[in-house]
1. Over the chain, what is the percentage of antiparallel beta bridges among all DSSP beta bridges, to the nearest 5?
2. How big is the charge dipole of the chain about its Cα centre, in debye rounded to the nearest 20, if each Lys and Arg gets +1 on its Cβ and each Asp and Glu gets -1 on its Cβ?
3. I need the P(r) histogram for the chain: all alpha carbon pairs, bin width 5 Å from 0 out to the longest distance, whole percents.
4. What is the chain's relative contact order, in percent, from Cα pairs under 8 angstrom and six or more apart in sequence?
5. Using Cα springs under 10 Å in a Gaussian network model of the chain, which residue among 146, 101, 32 shows the largest mean-square fluctuation?
6. Between residue 93 and residue 201, with labels modelled 7 Å along Cα→Cβ, what's the label distance in nm to one decimal, could you check?
7. Pairs 126/223; 61/174; 50/102; 126/217; 61/102: which exceed 20 Å Cα-Cα?
8. For the chain, what is the mean residue ellipticity at 222 nm derived from helices alone (per DSSP H run of n ≥ 4: -39500 (n - 2.57); sum divided by total residues; nearest 500 deg cm²/dmol)?
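The values are calculated or read from the model by the stated rules, or taken from the named source; none is laboratory data. Predicted, not measured: the structure shown is a model, and the values here were computed from it. Don't worry about glycine lacking a Cβ; one is built from the backbone with ideal geometry, like all the others, and counts go over all protein chains shown. Accessible surface is based on the protein model in full, side chains and every heavy atom, while ligands, DNA and RNA are left aside. Shrake-Rupley method; radii C 1.70, N 1.55, O 1.52, S 1.80 Å.
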Amino acid sequence: MTKFSYQNELDDFKATAHWLALRGWSEAAGGNMSIRLDAPAKLHENDHIKLPIDVPYLAGKAVLLTGSGTRAREIGLDPLPHIGLYKISDDGRYYGWIAGNKTPSMELPAHFAIHNTLEQHRPGDKAILHTHPVSLIALCHMPLFNNAKAISDKILSMQSEARLILPEGIGFVKHALPGSLELGLKSALELERHHLVLWQYHGILATGETLAGAFDKLEVFEKSARVYWQLRAAGLDPCGISEAEIKHTLKAFGRLERY
Ligand code: 13P
Ligand code: ZN
């Protein structure tokens with residue numbers, strides 16, 4: 001295996017995978033992660049693999065992506081064998097494997113489509129994290145939670161600071177084939193404005209400046225969902241914090257325009 005050294009990024013994969021495993025969010029080989037790099041290395045012409053979509057904003061860049069079938073509990077111990085380095089061609093239409101793990105996550109189309117969108121709309125967000133938290137998947141089985149607004153308004157009103165961290169709410173993509181380009185493109189659209197997108201009946205995807213930062217936002221949303229489920233389990237149907245209170249809090253912190 002050709003090795004590479006991006007120590008800060010590898011540390012970020014390692015620490016985040018450790019916590020994903022501890023939380024029980026990434027069961028078995030569930031979930032995947034990537035970090036976008038500005039890489040100078042040139043691809044050999046014959047290394048080119050056609051991308052399912054053109055990614056002009058990723059032209060000449062590189063991506064570190066977890067391998068398909070890799071386990072968070074193992075990445076958390078030793079990330080290097082589980083992560084591949086991929087380079088995008090200078091015309092943004094092809095990619096090639098450079099080093100590390102050679103079998104990319106089946107969600108490669110989503111990671112590439114989303115990095116392309118992030119580079120355009122929120123270039124500081126270099127990291128993408130996808131995982132399968134129980135409390136969030138369970139929300140998708142409630143008919144009332146079949147859209148982004150219903151989920152955002154109810155779940156982010158369970159705790160005083162949740163909407164402050166996620167003023168725009170979350171994005172939502174109806175059930176789509178795992179690993180499909182459709183899932184990737186719909187997610188990319190939702191992530192132009194949001195930092196989290198819920199994949200119906202599947203899991204969640206978060207973006208951040210680092211994987212740890214993406215994990216933070218996910219942790220806030222997941223905790224709010226757990227408050228909701230705990231109240232439901234006690235036989236209560238919580239109203240949540242009123243919209244007026246939410247707006248008052250957002251205004252006090254200068255984030256109302258993001259609501
Ligand atoms: P990979 O192991 O191929 O990354 O797939 C896991 C997953 O969660 C797909 O959505
Ligand atoms: Zn998944």
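1. Given both bridge residues lie in the chain, the antiparallel proportion sits at roughly 90 percent.
2. So the dipole magnitude of the chain works out to roughly 300 debye.
3. 1, 6, 14, 18, 19, 16, 11, 7, 5, 2, 1, 0, 0
4. 20 percent
5. Of 146, 101, 32, the most mobile in the Gaussian network model is 146.
6. Taking the two extended label points, one gets 3.7 nm.
7. Beyond 20 Å: 126/223; 61/174.
8. -11000 deg cm²/dmol
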